[in-house]
1. Give region B:150-160 a look and list any residue that's closer than 17 Å to B:Gly191 by Cβ and either away from every other protein chain (no Cβ under 14 Å) or not small (Gly, Ala, Ser) (or both), or say none.
2. In region B:77-100, what residues are in contact (Cβ under 8 Å) with a residue 24 or more places away in the chain, over 15 Å from the mean Cα position of the chain (by Cα) and closer than 19 Å to A:Val134 by Cα?
3. Would you pick out the residues in region A:42-61 that are small (Gly, Ala, Ser), more than 19 Å from A:Thr167 (Cα to Cα) and outside any helix (DSSP H, G or I)?
4. Quickly run through region A:91-105 and pick out the residues that are touching a Lys or Arg at 6+ places or on another chain (Cβ under 6 Å) and not in a loop (DSSP other than H, G, I, E, B).
5. Quick one: would you say A:Asp119 is modelled with pLDDT of 95 or more, within 7 Å of chain B (Cβ to nearest Cβ) and over 22 Å from A:Phe73 (Cβ atoms)?
6. I need the full set of residues from region B:35-51 which are surrounded by 24 or more Cβ atoms within 10 Å (Cβ to Cβ) and within 12 Å of another protein chain (Cβ to nearest Cβ), in order please.
7. Tell me the residue from A:Ile188, A:Ile198 that is aliphatic (A, V, I, L, M), assigned to a strand (DSSP E or B) and buried (at least 16 other Cβ atoms within 10 Å of the Cβ), please.
8. When residues of region B:165-185 are filtered for being among the hydrophobic types (A, V, I, L, M, F, W, C), buried (at least 24 other Cβ atoms within 10 Å of the Cβ) and within 14 Å of chain A (Cβ to nearest Cβ), how many remain?
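The values are calculated or read from the model by the stated rules, or taken from the named source; none is laboratory data. Remember, predicted model here, so these are calculated numbers, not experimental data. Quick reminder, even Gly has a Cβ in these numbers, built from the backbone with ideal geometry, and neighbours come from all protein chains shown.
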2 protein chains.
Amino acid sequence: MAVSPTLQRTVVPAREGRAVLVSSGQRVRVVDLEGGQVGDVFVFARDDLSEHHSASHTRAQIDRLFPKVGEQFFTNRRRPVLTLVEDTSVGRHDMLIAACDPERYASLGVAGWHASCADNLRLALAPFTPAPPVVPQPINIFMRIPVDEHDDLSWLPAATGAGDSITFRAEMDCVVVVSSCPQDIAVINGGVPTSLAIDVLEAEDPAPQGATHRSGKQSLS
Amino acid sequence: MAVSPTLQRTVVPAREGRAVLVSSGQRVRVVDLEGGQVGDVFVFARDDLSEHHSASHTRAQIDRLFPKVGEQFFTNRRRPVLTLVEDTSVGRHDMLIAACDPERYASLGVAGWHASCADNLRLALAPFTPAPPVVPQPINIFMRIPVDEHDDLSWLPAATGAGDSITFRAEMDCVVVVSSCPQDIAVINGGVPTSLAIDVLEAEDPAPQGATHRSGKQSLS
């Protein structure tokens, strides 16, 4: 049976968020359509949104600030939820910084409403009940926050070109939310937020049952 | 009026957790009684436990992996909750790694029950309702998880000596939970968990109203 390699494309307009359903074994690709744009990615177990990707659990499992291609992301229940399978960007991403939210923009001097990744998450998940109890630390794709030898962080503009993408394989049925980060005060989006696209792709080679636990340093706490 | 500088000492036995109430302006000191022991510290707003210290919001505010003396910790609503006022240890602490939990010990090969910082938190907060909806990323005091130039993490034994301490000033009324980390498989506690103490100290010099927002890089997202 011939199937289209792209099952579904969802455009995430600048400053907005979208949710997609991804089944275990499918791949989900986020494309930076114009370049220089950060995406805040949140991942929840489809059958229970209180289980979600957790940066602190992922770091504990992989001994790195961000997975390499072939490594996995883990939930707050320490189950693998995504595997990073391809990255055509310069490979700089962040899992240290909270999603922007109304309080953040207020502290930056914005008077009145400003779109935020936290609100985009809430809006994108509105059809799903019960809502998750928290705004998890996002997977901030294309966001450049290098850590120097003094543990200081720098905030740099995203270095992606138009069409750069990052691709994950889902290790469980999940809800993936992508927010095209509306930050236009700090430099991370080069000052002008633009759009992203989410492509959900058919499983190339369905993973055998029970073969998903493959990250695996076990030396940790 | 002469007051004792130490209002209250709470010993946290090895592998257990304890909660203390701390009022805005009071200081809370965690002492490593025998040395080489990690403490997982969780902080919640006393009147609403859904507001809690958030490592990802703190990092966004201070541009560092961990506050320096004089810098603040922030909640998931971006309010200052603690100021780091004194550190007599070697000054290595962590805010990258999740609290250990039953799933962690299962993955490390433990059969049956093992004490964990996540369970210690739940037990310590049992008197408080409603319970917080999550186990937040802890402030892992005395825990040494250096990040190298490749973004790789190492797990090292705590380097504290007996009597070393870290002291915070509360910037709001809060519940502080300290778990004497029961990790005895990984090296972080030198293989043998020991006890900590929590001292709640009178405010030395009550902060003037409105003077608590003093961290303050505003260049971020």
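1. Passing the criteria: B:Trp155, B:Leu156, B:Pro157, B:Ala159, B:Thr160.
2. Across region B:77-100, the qualifying residues are B:Arg77, B:Arg79.
3. Hit for region A:42-61 is A:Ser50, nothing else.
4. Correct list: A:Glu103 only.
5. no
6. Those that are surrounded by 24 or more Cβ atoms within 10 Å (Cβ to Cβ) and within 12 Å of another protein chain (Cβ to nearest Cβ): B:Val38, B:Asp40.
7. Selected residue: A:Ile198, the only one of A:Ile188, A:Ile198 that is aliphatic (A, V, I, L, M), assigned to a strand (DSSP E or B) and buried (at least 16 other Cβ atoms within 10 Å of the Cβ).
8. Residues meeting the conditions: 1.
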